[in-house]
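Visitor: One structure, as structure tokens, below. Some questions next.
Derivation of every value follows stated rules applied to the coordinates shown; laboratory data play no part. Owing to the predicted nature of the structure, the values given are computational and were not obtained by experimental measurement. In this analysis, Cβ positions are derived from the backbone assuming ideal geometry, glycine residues included, and neighbour counts consider all displayed protein chains.
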There are 2 protein chains.
Amino acid sequence: MSDIRRRRVPRPVREQQIIDAAIRVFARRGYHAASVDEIAEHAGISKPMVYLYLDSKEGLFLAALRREAERLLAVFRAAAVPAHSPELRLRAGLLAFFTFVTEHRDSWVVLHRQSSEPSPAITAELARSRRALLAEVTGLVRADIAASDGPARPDDDAEFVAYTLVGAADSLTDWMALHPGEPPERITLRLMNMVWVGMRNVLDGEVWTTPSQLP
Amino acid sequence: MSDIRRRRVPRPVREQQIIDAAIRVFARRGYHAASVDEIAEHAGISKPMVYLYLDSKEGLFLAALRREAERLLAVFRAAAVPAHSPELRLRAGLLAFFTFVTEHRDSWVVLHRQSSEPSPAITAELARSRRALLAEVTGLVRADIAASDGPARPDDDAEFVAYTLVGAADSLTDWMALHPGEPPERITLRLMNMVWVGMRNVLDGEVWTTPSQLP
DNA sequence: ACGTAACCTTACTCGCCAGTAAGGCTGGGG
DNA sequence: CCCCAGCCTTACTGGCGAGTAAGGTTACGT
């Protein structure tokens, strides 16, 4: 788009352009249906360049995956700093997440909606990135437990809560698509509202009991 | 496996066998990487039979999708009957869901972990099945609102709660894989515990407020 | 000025797999 | 007993797309 039609771009720049294009195409078509030719074209380049710089289709996908996973994790970590109280850390983390998804929808699609791909390497990398996020949230929850006065709970519980939170946030990602007006702040607020009290219940070992006898 | 090697199986039976095989293979490989040949082999048959009965690879996938979506929805509906109180309905529904996933893991993988497939028809069908589940849950939540004494809440809230619940349950599906011993009953209990109070908060319009000033 | 490394292209090969043509079995109804 | 409807097979075609061979072109350092 610049005035000078920049041919002959240096490698590091071109690599990022290729990854940018890859994310767009992978998000739209999925790993298998995406063709390297189409990605090359989006990057304003021909196919052999992709192979020269990124080795293979799988290598390209992995590079894209890693870059975006890194981005998301960085944003989350930067937001949920230990300076805040547990509640505010969680709130900030959720807000950062919803904001990221809003602003980088394609990245999110590639990051999350691509399971059951053939290559073990890809499956592994996908799992790794999700685990990293889960670990971060689990850490948050555990910190909250440590700060609270209740008895030490088994790790299982922190993990359980983390899975619930991440899954809920993930699904609300779809809800956002249905309500384009809704700002991330409102979604975060509602989710906090819904989840905060119950979290304390689980972590304090309080048990929900069936209000009348079971059938 | 039976004593008589049953060649020449009647069509309706064979169709179900093909769909059974398809679910196993699609779950393992994903839509694109799965080959019709492999599915045919799993069904103890040759490829043209698949095309004769199910038309195309896409038709086969759609048939599998529809059958399993139907199953899951039926199980959920049967459990969450209106006879119970809202809480017990939700509990029963969640329990049915977790039980289904435990017993039909492949079906669940095909049903949920297959987005961003090329064909619009498949994307549409996948979305339809998820929407059906969400609609069911939203209905439950709405029924709960109606039963409660609070002011009429906008529909948005019921939908929001439903997305949260479905997403949480979905993600806990992964948690189950990590904790094979855990029975569906315990998972359901914990999730109810975590979510029930907060649900009331959201539906009653109570607002979580930041405990100290925001950064 | 000019060589060379880095950038980039056209024009292939080759294997895989969806889909099909052409016809062989077999068993139940007349 | 015999025939035909419905079950099933082997053996193809055709195209798509990952990966590559072979070489052309620019710009930067000296």
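Visitor: Give the relative contact order (percent, whole number) for region A:43-141; include only Cα pairs under 8 Å separated by 6+ residues.
Guide: 29
Visitor: Please state the relative contact order of region A:62-105 as a whole percent: Cα pairs under 8 Å, 6+ residues apart?
Guide: For region A:62-105, the relative contact order is 36 percent.
Visitor: Still on this structure, I have one more. Work out the mean other chain Cβ neighbour count within 10 Å for the residues of A:166-178 and drop it here as an integer.
Guide: Mean shielding by partner chains, rounded to a whole number: 6.
Visitor: Before anything else, pin down the relative contact order of region A:9-54: Cα pairs under 8 Å, at least 6 apart, normalised by residue count, whole percent.
Guide: Averaging sequence separation for qualifying contacts and normalising by length gives 40 percent for region A:9-54.
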